[in-house]
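Read through the structure below, which is laid out as structure tokens, and then see the notes.
The values are calculated or read from the model by the stated rules, or taken from the named source; none is laboratory data. These numbers come from a predicted model, not from an experiment. Backbone-built Cβ (ideal geometry, glycine too); neighbour counts: all protein chains shown. Heavy atoms of the whole protein, side chains included, go into the accessibility calculation; ligands, DNA and RNA do not. Shrake-Rupley method; radii C 1.70, N 1.55, O 1.52, S 1.80 Å.
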Amino acid sequence: MIYPIVAYGDPVLKKVAQDIKKGSLDVAKLSEDMFETMENAHGVGLAAPQVALNIRMFVIDTSVFDDENIASVRKAFINPVIEEEWGDEWPYEEGCLSIPGVRADVYRPSNLRIRYFDTDWKEHVEEFDGMTARVIQHEYDHIEGVLFVDHLSSIKKRLLKGKLSNISKGECDASYRMKFPVKK
């Protein structure tokens, strides 16, 4: 099932997501649906709040990076906790399926250690680096109610204000179905 992607301005994107209780929903099916939604939108990651679910879950697939230096990782992360981040912060031009047409450099540490459950509720603690760490950090931010534009300088945010406002009103181009905040 392909979900519509929630657009910038929707309150769900600014909430800290809630832990998932084991057995409360079919995380394997939701994971499949989220991967399908992400792939349909040509993304590398998708967090549950981006499909209007206020729960701590995201999926990533770094196989789209055609680079032999980037490990191909396709995983679902349930109730993740980043335990540590380290290494030099480096810039990379990020974008977001919830903010189509907007890209900007974001600085993030190069390494992380994360604790999470998979779709079989098996717990893992793993370390990631480089682009895979960046994708995880970006998606993790989503479940913490943080968007990549929140990392930008106040000047850059002011320059993007009109574009972001237009996105929340549905005035944007995306090749995938989106859900825009309701205006009263």
ask   = Along the positive direction of the dipole of the chain (beta-carbon charges: Lys, Arg +1; Asp, Glu -1; about the Cα centre), which of Ala71, Cys96, Gly130 reaches farthest?
value = Cys96
ask   = Over all distinct alpha-carbon pairs, what is the Kirkwood Rh of the range 1-106 in angstrom?
value = 15.1
Neighbourhood charge, 15 Å Cβ-Cβ cut-off, centred on Lys161 and excluding it, Lys, Arg +1 and Asp, Glu -1 = +3
request  = Obtain the nm distance between the two label points defined at Asp150 and Val125 by a simple spin-label model: each point lies 7 Å from its Cα along the Cα-to-C-beta direction.
outcome  = 2.6
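Count the net charge of all other residues whose Cβ sits under 15 Å from the Cβ of Ile5, scoring Lys and Arg as +1 and Asp and Glu as -1. Spell out each step's value before the answer.
On the way: positive: Arg177, Lys179; negative: Asp10, Asp33, Glu36, Glu39, Glu139, Asp173.
Taking every other residue near Ile5 into account, the sum is -4.
Counting other C-beta atoms within 10 Å, and keeping those with at most 12, which DSSP coil trypsin sites (Lys or Arg not before Pro) do you find in the range 18-58? Working shown, then result.
Working: sites: Lys21, Lys22, Lys29, Arg56; in loops: Lys21, Lys22, Arg56.
Loop-located and lightly packed - Lys21, Lys22.
Below 8 Å, C-alpha to C-alpha, sequence gap of six or more: please give me the relative contact order for the range 47-154 in percent. Please report the intermediate quantities before stating the final value.
Values: 192 pairs, mean separation 28.8, N = 108.
For the range 47-154, the relative contact order is 27 percent.
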remark   = the range 19-78: spread of alpha-carbon positions along the three principal axes, whole Å, largest first, is 39, 20, 16
query = In deg cm²/dmol, rounded to 500, what helix-only [θ] at 222 nm does the chain give when every DSSP H run of at least 4 residues adds -39500 (n - 2.57) and the total is split over its residues?
reply = -7500 deg cm²/dmol
query = If you rank Asp10, Asp150, Asp173, Asp26 by how much accessible surface each has, with a 1.4 Å probe, what is the order from largest down?
reply = Asp173, Asp26, Asp150, Asp10
inquiry  = Quick check on the range 134-184: what does the Kirkwood estimate of hydrodynamic radius come out to from the alpha carbon pairs, in Å?
reply    = 12.7
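With contacts defined as alpha carbon pairs under 8 Å and 6 or more residues apart, what's the relative contact order of the chain in percent?
Numbers: 356 pairs, mean separation 52.9, N = 184.
Here the relative contact order equals 29 percent.
Based on the Cβ-Cβ distance from Ala71 to Lys161, what FRET efficiency comes out when R0 is 41 Å, to the nearest 0.05? Walk me through the numbers before you get to the answer.
Values: r = 37 Å, r/R0 = 0.90.
Efficiency computed from Cβ-Cβ geometry: 0.65.
Sort Tyr8, Tyr116, Tyr107, Tyr176 by accessible area with a 1.4 Å probe, largest first.
On the way: Tyr8 60, Tyr116 5, Tyr107 135, Tyr176 30 Å².
From most accessible down to least: Tyr107, Tyr8, Tyr176, Tyr116.
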message = More than 26 angstrom separation, counting every C-alpha pair in the chain; what % is that?
response = 27
task = Determine the relative contact order of the range 1-105: mean sequence separation of Cα pairs under 8 Å and six or more apart, normalised by residue count, in whole percent.
result = 27
note = Ordering His151, His142, His42 by the accessible surface of their heavy atoms, 1.4 Å probe, largest first, yields His42, His151, His142
